[in-house]
Amino acid sequence: PHPDQREQHPDQWWQAIVKACRTLAADQPRNRRQVLGIGLSGQMHGPVLLDAEHQVLRPVMLWNDSRAHAEAARLATLCPDIAGTAGVPPHAGFPAPKLLWLARAEPDLHARIRHILMPKDWIGFRLHGQIGTDMSDAAGTLWFDQAARDWAPDLARASGVQPEWLPPLREGSDIAGHLTAEAAEALGLSPGTPVAAGGGDTSLGALSVGAVTEGALISMGTSGQLLRVRTSYNPAAHFVHSFAHSIPGRWYQMAALLNGARPLQWFADMTAQPISTLLAEATAADPARIPLFLPYLVGERTPLADPYIRGTFFGLADDTSRGDMMRAVIEGVAYGFALAAEALWGDDPRPDHLIGTGGGLRGDLMAQSLADVLGVPIWRAAGAETGPALGAARLAALA
């Protein structure tokens with residue numbers, strides 16, 4: 001609605017799920033009858049605000065909404081030890097600064113809040129009627145004590161949130177509820193089907209490729225992540241996220257990039273060309289003629305923690321081609337990951353390989369550029385384009 005503000009109404013998510021499920025139920029009636037459980041995954045950091053009657057109060061401020069930059073700085077002052085407890089310093093994209101902003105900018109609406117859910121938890125509520133979240137999505141709120149795997153009431157109060165607004169906590173494979181008759185009819189599924197609590201997309205992307213006890217992965221969707229799994233909670237520096245995993249007794253450290261494959265899609269939109277065409281032209285481009293590109297279209301998290309930094313092309317000439325520019329976009333994204341890798345691993349040894357997941361790694365040029373810049377082989381897991389959805393299905397199977 002305004003610069004630095006990115007919103008979406010959760011009703012759109014529900015309508016999309018109904019359409020997708022009914023299409024699948026009609027196209028694959030045998031598979032529909034075999035559904036034994038439902039898992040949930042979703043974008044993180046987007047607080048869905050409900051009133052006392054469980055009605056949505058406003059569109060959701062998404063993960064890449066940076067309006068609450070001043071509130072993030074204020075929260076860091078109010079809670080100087082927040083990074084050690086919550087796993088990362090405050091940033092405008094997290095729910096806690098957004099609620100501080102809301103208390104100032106929309107006080108009447110803020111006063112009506114009675115429940116706060118993450119996106120996939122609101123879908124869960126529509127499925128089974130229960131309020132709740134899992135550890136991995138709670139981990140991304142700045143209201144969560146990562147080591148204790150429980151809410152941190154002092155952090156909630158510091159950001160203008162009453163602790164009773166926060167939902168009950170479950171592990172990702174716990175059964176959160178059962179499909180209601182109303183939801184079952186809407187989706188074309190069977191009432192009473194158990195629904196797992198699920199997890200945030202990052203954690204379930206790791207789960208989808210088996211990064212549970214150990215391992216490191218690189219994920220590229222709209223945003224991007226470099227992640228390594230830990231068996232204990234280890235807070236890190238340089239705006240590296242240290243969060244609870246969706247599996248009990250596991251955590252992960254993550255470098256989070258706001259600019260994954262999004263700059264590639266942006267350039268495709270700007271040139272009105274399919275990405276496949278641009279990738280072919282970029283592959284044929286002369287590496288000696290490539291301009292420089294900074295990929296920061298929506299600010300950046302790891303390691304810069306700056307919502308206002310912006311992108312640029314440098315070194316354009318009158319004979320710079322569209323393919324040259326696409327190659328520059330790819331290289332700029334790759335070097336953004338290189339900066340993030342330095343923050344994540346520091347002086348620790350790099351892994352002997354990274355498991356790749358997400359649609360942004362399907363193209364050979366992007367994957368090879370990342371492997372070259374990071375100095376680490378990237379293994380593309382079979383079926384990895386399914387990403388967190390496969391992790392959600394695995395949690396449903398566990399449930």
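The values are calculated or read from the model by the stated rules, or taken from the named source; none is laboratory data. Predicted, not measured: the structure shown is a model, and the values here were computed from it. No Cβ is skipped: glycine too gets one built from the backbone with ideal geometry, and neighbour counts run over all protein chains shown. To get the accessible areas, we keep the full protein, side chains included, count just its heavy atoms, and leave off ligands, DNA and RNA. Shrake-Rupley method; radii C 1.70, N 1.55, O 1.52, S 1.80 Å.
The equivalent ellipsoid that matches the C-alpha gyration tensor of the range 285-399 spans semi-axes of 29, 18, 16 angstrom, in descending order. Look at the alpha carbon pairs under 8 Å that are at least 6 residues apart: their mean separation over the length of the chain gives a relative contact order of 17 percent. With an 8 Å cut-off on Cα pairs and a minimum separation of 6 or more residues, tell me the relative contact order of the range 56-142 in percent. The value is 30 percent. Between the alpha-carbon centres of the range 196-236 and the range 314-387 there is a gap of 18 Å.
Working from label points 7 Å from Cα in the Cα-to-Cβ sense, the residue 175 to residue 342 distance is 5.1 nm. Computed extension gain for residue 379 through residue 24, at 0.36 nm per residue and net of the alpha carbon distance, reaches 124.7 nm. Considering only GluC sites (Glu not before Pro) in DSSP loops that have at most 16 other Cβ atoms within 10 Å, the longest stretch of the chain without any of them is 215-399.
With a Förster radius of 22 Å applied to the C-beta separation of residue 372 and residue 318, the computed FRET efficiency comes to 0.15. Sorting 298, 329 on solvent-accessible area from highest to lowest, probe radius 1.4 Å, gives 298, 329. Every pair of different Cα atoms in the range 12-126 enters the Kirkwood calculation, which places the hydrodynamic radius at 16.3 Å. Among the chymotrypsin sites (Phe, Trp or Tyr not before Pro) found in the range 137-221, not one is both in a DSSP coil and sparsely packed, with 16 or fewer other Cβ atoms within 10 Å of its Cβ.
Just report the Cα centroid separation between the range 114-160 and the range 26-42, whole Å. First find each Cα centre; the distance between them is then 27 Å.
Measuring how big the range 59-218 is from its alpha-carbon positions, Rg and Dmax come out at 16.7, 50 Å. Max-minus-min Cα coordinates of the range 38-93 on each principal axis give 36, 26, 22 Å, with the largest extent listed first. Cα-based radius of gyration for the chain, normalised by 2.2 N^0.38 Å, reads 0.98. When the Cα positions of 376, 316, 159 are compared along the charge dipole of the chain, 159 comes out farthest toward the positive end, with charges on each C-beta of Lys, Arg, Asp and Glu.
Estimated from helical segments only, the mean residue ellipticity of the chain at 222 nm is -11000 deg cm²/dmol, where each DSSP H run of four or more residues counts as -39500 (n - 2.57).
When the Cα gyration tensor is reduced to axis lengths a ≥ b ≥ c, the ratio a/c is 1.5 or higher for the range 285-349, and with a/b not above b/c it is classed as oblate. Inter-label distance, residue 58 to residue 273: 4.1 nm, where each label sits 7 Å from its Cα along the C-beta direction. Shape analysis of the range 211-258 places it in the oblate category; the axes a ≥ b ≥ c from the Cα gyration tensor give an a/c of at least 1.5, with a/b not above b/c.
The heavy atoms of residue 82 offer some 10 square angstrom of accessible surface to a 1.4 angstrom probe.
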